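The values are calculated or read from the model by the stated rules, or taken from the named source; none is laboratory data. It should be emphasised that the depicted structure is a prediction, and the values quoted were computed from it without experimental measurement. All Cβ positions, even for glycine, are placed from backbone atoms using ideal geometry, and neighbour counts span all protein chains on display.
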Amino acid sequence: MNISAGSGSTAPVQEVNPADDWKPTSWQDFPALQQASYPDPVALDLALKKLAELPPLVTSWEILSLREQIAEAQAGKRFVLQGGDCAESFAECCSPLITNRLKVLLQMSLALVHGLQMPVVRIGRFAGQYAKPRSSDVETRDGVTLPSYRGDLVNAFDFDEASRIPDPGRLLEAHKYSALTMNFVRSLADGGFADVHHTEYWELGWLDHSPLADEFHKLTESLGQSLRFMETITGRDVGSLKRVDFFTSHEALHLHYEQAQTRQVPRQWGWFNLGTHFPWIGMRTADLDGAHVEYFRGIRNPIGIKVGPGMDKGWLAALLEKLNPCREAGRIVLIHRMGEAKIEEHLPPLIRAVHDTGSPVLWIADPMHGNTESTGDGIKTRRFRKIMGEMDLAFEIHRDNDSRLGGVHLELTGENVTECTGGARDLSDEDLKRDYKSTVDPRLNYEQSLEMAMLIVRKHRQGV
Ligand code: PEP
Ligand code: CO
């Protein structure tokens with residue numbers, strides 16, 4: 001059956017019914033990496049049954065609307081900004097943190113809209129980003145070995161047995177915290193950001209520390225002027241948003257959790273993951289014959305695929321064939337995360353191979369995950385210079401290969417933490433000891449995030 005999702009779109013999304021050899025449980029016949037091992041299967045079953053009965057977090061029409069917007073981005077008419085924590089935590093599901101995270105994403109998106117002269121699709125890494133892949137199933141400290149921390153969806157970070165044993169009750173807790181986050185995001189998006197379009201209220205003290213201070217001051221001035229101009233001619237507060245103006249995303253890692261939220265809805269064919277708008281497949285679980293790819297094959301959400309230096313042309317082309325056999329627009333976002341040192345070698349052949357498949361994709365850059373390193377003191381960090389270096393190269397490589405970089409995927413927070421070094425204030429390894437909060441990957445702080453948005457605009461103006 002062919003349908004076109006929504007109306008009034010410049011790029012109608014044509015979808016074709018997926019193979020009927022799929023159901024939400026099909027993945028269970030395939031090898032599933034990175035899954036938690038629950039000691040009490042009866043308790044797990046009960047939690048999953050309850051989860052499957054709870055109301056969904058998002059709706060099918062929001063998901064289809066995002067598909068259309070991604071199709072437009074594939075056509076060069078939109079830019080995607082995806083960002084948020086590496087991992088959310090239950091403890092940090094609170095008003096100021098959510099507000100600040102939304103605020104920085106909104107401010108970055110306004111800078112991008114103004115600088116790139118095109119609409120920006122805002123996708124948060126939130127309201128469900130609670131599961132983490134780990135390099136080892138266990139962690140050993142001082143001779144004691146316990147299960148690794150797999151994110152608040154599975155267990156707790158503290159290093160003791162009670163905390164680390166996977167607890168199925170957390171699946172219901174995660175759903176609750178996601179719903180609370182979603183509810184607050186929707187309320188804020190409905191008008192809680194009256195001051196965001198007034199750049200004079202932005203925290204821009206860092207600008208003066210940047211070697212590009214003059215240029216950045218001019219950019220914020222012209223941004224402020226254009227926002228005020230828009231307001232005057234439309235008579236509307238341009239900071240006011242419509243409900244679906246923020247989409248949610250998370251790595252769909254814990255397949256039982258995702259399965260419980262995979263539903264059919266009235267007057268629509270097929271299956272939707274109603275736990276998030278935009279699930280993505282992580283680097284470690286993109287095996288062609290693995291359970292994750294099998295799960296993603298059957299849902300109608302737009303999906304992200306992380307593409308690292310270990311992925312070759314054949315693998316990527318086969319993933320596209322499996323996950324988007326009918327070559328539908330708006331379905332696939334490829335999130336490359338190569339690292340500054342590897343992107344020049346690894347990305348161009350992949351761009352050409354994808355082009356040769358004729359399958360439509362949106363390429364976006366994750367300049368965070370290929371640039372993680374440890375300081376002399378063993379603190380996990382990322383250097384702003386390398387993050388931006390990979391971003392710059394990504395723009396250039398796409399341009400030189402007749403492709404287009406259509407977005408950015410960042411780990412960031414609205415707080416002024418000290419987790420990544422560099423940026424306008426030139427944070428040092430020593431500064432990392434001051435305000436390091438992440439239990440997983442280091443994030444850009446408020447100032448570094450805004451600076452990144454401005455540097456992307458600058459790069460774009462230089463003609464890439
Ligand atoms: C992540 O996005 O937090 C992550 C684990 O990324 P990747 O799968 O690209 O390593
Ligand atoms: Co991460």
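Taking the conditions exactly as written (among the aromatic types (Phe, Trp, Tyr), surrounded by fewer than 17 Cβ atoms within 10 Å (Cβ to Cβ) and either within 14 Å of residue 283 (Cα to Cα) or touching a His at 6+ places or on another chain (Cβ under 7 Å) (or both)), does residue 315 satisfy them or not? Judged against the criteria, residue 315 is a match.
Among the candidates 150, 122, which residue alone is under 30 Å from residue 196 (Cβ atoms) and either in a helix (DSSP H, G or I) or not β-branched (Val, Ile, Thr) (or both)? Unique residue meeting the criteria: 122.
When the residues of the range 274-296 are filtered to those that are more than 21 Å from residue 339 (Cα to Cα) and β-branched (Val, Ile, Thr), the one that is farthest from ligand 2 (Cβ to nearest atom) is 293. Name the residue that is nearest to ligand 1 (Cβ to nearest atom), counting only residues in the range 420-438 that are assigned to a loop (DSSP other than H, G, I, E, B) and either among the hydrophobic types (A, V, I, L, M, F, W, C) or within 17 Å of residue 335 (Cα to Cα) (or both). For the range 420-438, the residue satisfying everything is 420.
Give the residue, chosen from 190, 152, that is closer than 22 Å to residue 258 by Cα and touching a residue at least 40 places away in the same chain (Cβ under 8 Å). Quick ask: steps written out before the conclusion?
Values: 190 fails: closer than 22 Å to residue 258 by Cα.
Testing whether each residue is closer than 22 Å to residue 258 by Cα and touching a residue at least 40 places away in the same chain (Cβ under 8 Å) leaves just 152.
Checking the conditions here, which among 127, 91 is assigned to a helix (DSSP H, G or I), under 25 Å from residue 442 (Cβ atoms) and modelled with pLDDT of 95 or more? I'd like the intermediate steps shown before the answer.
On the way: 127 fails: assigned to a helix (DSSP H, G or I).
On inspection, the qualifying residue turns out to be 91.
Tally the residues that are of a type outside the set (A, V, I, L, M, F, W, C), over 18 Å from residue 293 (Cα atoms) and in contact (Cβ under 8 Å) with a residue 40 or more places away in the chain, restricting the search to the range 331-358.
Initially, the range 331-358 is screened for residues of a type outside the set (A, V, I, L, M, F, W, C), giving 331, 336-337, 339-340, 342, 344-346, 348-349, 352, 355-358.
Checking the rest, the ones that are also over 18 Å from residue 293 (Cα atoms) come to 337, 339-340, 342, 344-346, 348-349, 352, 355-358.
When the remaining residues are screened for being in contact (Cβ under 8 Å) with a residue 40 or more places away in the chain, the result is 337, 339-340, 344, 348, 352, 355, 357.
Total meeting the criteria: 8.
Looking at the range 90-130, which of the residues that are within 16 Å of ligand 2 (Cβ to nearest atom) and crowded, with 24+ Cβ neighbours inside 10 Å is farthest from residue 225 (Cα to Cα)? Talk me through it step by step, then tell me what you get.
Here is the first cut: in the range 90-130, the residues within 16 Å of ligand 2 (Cβ to nearest atom) are 92, 101, 123-126, 128-130.
Restricting the remaining residues to those that are crowded, with 24+ Cβ neighbours inside 10 Å gives 101, 123-126, 128-130.
Details: 101: 24, 123: 26, 124: 27, 125: 30, 126: 31, 128: 37, 129: 36, 130: 39 Å.
This residue is 130.
Scanning the range 335-350 for residues that are within 25 Å of residue 385 (Cβ to Cβ) and either away from ligand 1 (no atom under 14 Å from the Cβ) or not in a loop (DSSP other than H, G, I, E, B) (or both) yields a count of 11. Filtering the range 399-419 to residues that are in contact (Cβ under 8 Å) with a residue 60 or more places away in the chain and away from ligand 1 (no atom under 15 Å from the Cβ) leaves 399, 404, 406, 414, 415. Among the residues of the range 310-327, those that are closer than 22 Å to residue 402 by Cβ and assigned to a loop (DSSP other than H, G, I, E, B) comprise 311, 312, 324, 327.
Would you check if there is a residue in the range 295-302 being assigned to a loop (DSSP other than H, G, I, E, B), within 16 Å of ligand 1 (Cβ to nearest atom) and within 28 Å of residue 55 (Cβ to Cβ)? The answer is no, given that none of the residues of the range 295-302 is assigned to a loop (DSSP other than H, G, I, E, B), within 16 Å of ligand 1 (Cβ to nearest atom) and within 28 Å of residue 55 (Cβ to Cβ).
Given the residues 412, 450, 444, which is the only one that is hydrophobic (A, V, I, L, M, F, W, C) and away from ligand 2 (no atom under 16 Å from the Cβ)?
Values: 412 fails: away from ligand 2 (no atom under 16 Å from the Cβ); 444 fails: away from ligand 2 (no atom under 16 Å from the Cβ).
Going through 412, 450, 444 in turn, just one is hydrophobic (A, V, I, L, M, F, W, C) and away from ligand 2 (no atom under 16 Å from the Cβ): 450.
From the residues in the range 47-84 that are of a type in the set (D, E, K, R) and closer than 11 Å to residue 247 by Cβ, which one is surrounded by the most Cβ atoms within 10 Å (Cβ to Cβ)?
Filtering the range 47-84 for residues that are of a type in the set (D, E, K, R) and closer than 11 Å to residue 247 by Cβ, the one surrounded by the most Cβ atoms within 10 Å (Cβ to Cβ) comes out as 67.
Can you tell me which residues in the range 171-187 are among the basic types (Lys, Arg) and without any contact (Cβ under 8 Å) to a residue 24 or more places away in the chain? Scanning the range 171-187 gives a single hit, 176. For the range 161-203, a residue qualifies if it is buried (at least 21 other Cβ atoms within 10 Å of the Cβ), outside any helix (DSSP H, G or I) and aliphatic (A, V, I, L, M), and exactly one does: 196. Residue 87 falls short on exactly one of the conditions (1) touching a Gly at 6+ places or on another chain (Cβ under 7 Å); (2) among the aliphatic types (A, V, I, L, M); (3) away from ligand 2 (no atom under 16 Å from the Cβ); (4) under 21 Å from residue 174 (Cβ atoms), and that condition is (3). Would you mind stating whether residue 441 is within 16 Å of ligand 1 (Cβ to nearest atom) and either in contact with a helix residue (DSSP H, G or I) (Cβ under 8 Å, 6 or more places away or on another chain) or part of a loop (DSSP other than H, G, I, E, B) (or both)? In short, yes.
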